[in-house]
1. What's the number of the only condition in (1) under 16 Å from the mean Cα position of the chain (by Cα); (2) touching a residue at least 12 places away in the same chain (Cβ under 8 Å); (3) surrounded by fewer than 18 Cβ atoms within 10 Å (Cβ to Cβ); (4) more than 29 Å from residue 8 (Cβ to Cβ) that residue 77 fails to meet?
2. Can you tell me which residue is farthest from residue 43 (Cα to Cα) among those in the range 89-104 that are out of contact with any strand residue (DSSP E or B) (no Cβ under 9 Å at 6 or more places or on another chain) and modelled with pLDDT under 95?
3. Across the range 8-19, what is the number of residues that are surrounded by fewer than 17 Cβ atoms within 10 Å (Cβ to Cβ) and either touching a helix residue (DSSP H, G or I) at 6+ places or on another chain (Cβ under 7 Å) or more than 16 Å from residue 93 (Cα to Cα) (or both)?
4. Take the range 20-35 and flag every residue that is part of a strand (DSSP E or B) and touching a helix residue (DSSP H, G or I) at 6+ places or on another chain (Cβ under 7 Å).
5. Residue check: is residue 14 part of a loop (DSSP other than H, G, I, E, B), at negative phi and in contact with a strand residue (DSSP E or B) (Cβ under 6 Å, 6 or more places away or on another chain)?
6. Would you check which residues across the range 4-27 are over 15 Å from the mean Cα position of the chain (by Cα) and closer than 20 Å to residue 136 by Cα and list them?
7. Just to verify a result, which residue in the range 58-67, among those that are surrounded by fewer than 19 Cβ atoms within 10 Å (Cβ to Cβ) and touching a residue at least 12 places away in the same chain (Cβ under 8 Å), is farthest from residue 93 (Cα to Cα)?
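The values are calculated or read from the model by the stated rules, or taken from the named source; none is laboratory data. Note that the structure is a prediction, hence the values are computed from the model and not measured. All Cβ positions, glycine included, derive from the backbone under ideal geometry; neighbour counts span all protein chains shown.
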């Protein structure tokens, strides 16, 4: 991570989005989100079996209401609402996604797209919404073009 204060970065809704990051930066970003009073959700994808399991884990992490529909449209609706969890900003850390992402590349791409779009929508209301997918350094390096 650069010398930029992570609180300064997280507080800027214009920079918020869905990103793959170096797993070594996760704790500093989680700490910064807590200091900013953000809603922080850590979702562990270790052993995640499929799309339904992924959606259930995210729903639990973001405290979705019982009426959550468990599909991509419902995820899109829910991450763009979050009225049940009011906060000045949001940080979703989806950890240990490597194996799930490798086995379910299309679903992983859809997830990142939905979360990135949500960040753009939240930015219109000046609320930062971050969805970060920490990866070990070696896996992150493999993603570089």
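1. All conditions are met except number (2).
2. Applying the filter and picking the extreme gives 102.
3. 4
4. We begin by selecting, within the range 20-35, every residue part of a strand (DSSP E or B); these are 20-22.
20, 22 - these are the residues of the range 20-35 that are part of a strand (DSSP E or B) and touching a helix residue (DSSP H, G or I) at 6+ places or on another chain (Cβ under 7 Å).
5. Numbers: part of a loop (DSSP other than H, G, I, E, B): yes; at negative phi: yes; in contact with a strand residue (DSSP E or B) (Cβ under 6 Å, 6 or more places away or on another chain): no.
Taking the combined requirement at face value, the residue does not satisfy it.
6. 6, 24
7. Of all residues in the range 58-67, those surrounded by fewer than 19 Cβ atoms within 10 Å (Cβ to Cβ) come to 60-61, 63, 65-67.
From what's left, touching a residue at least 12 places away in the same chain (Cβ under 8 Å): 60-61, 63, 65.
Details: 60: 13, 61: 9, 63: 14, 65: 19 Å.
So the residue we want is 65.
This table checks each residue for (1) surrounded by 18 or more Cβ atoms within 10 Å (Cβ to Cβ); (2) more than 26 Å from residue 77 (Cα to Cα).
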residue: 108; (1), (2): yes, no
residue: 113; (1), (2): no, no
residue: 121; (1), (2): no, no
residue: 132; (1), (2): yes, no
residue: 143; (1), (2): no, yes
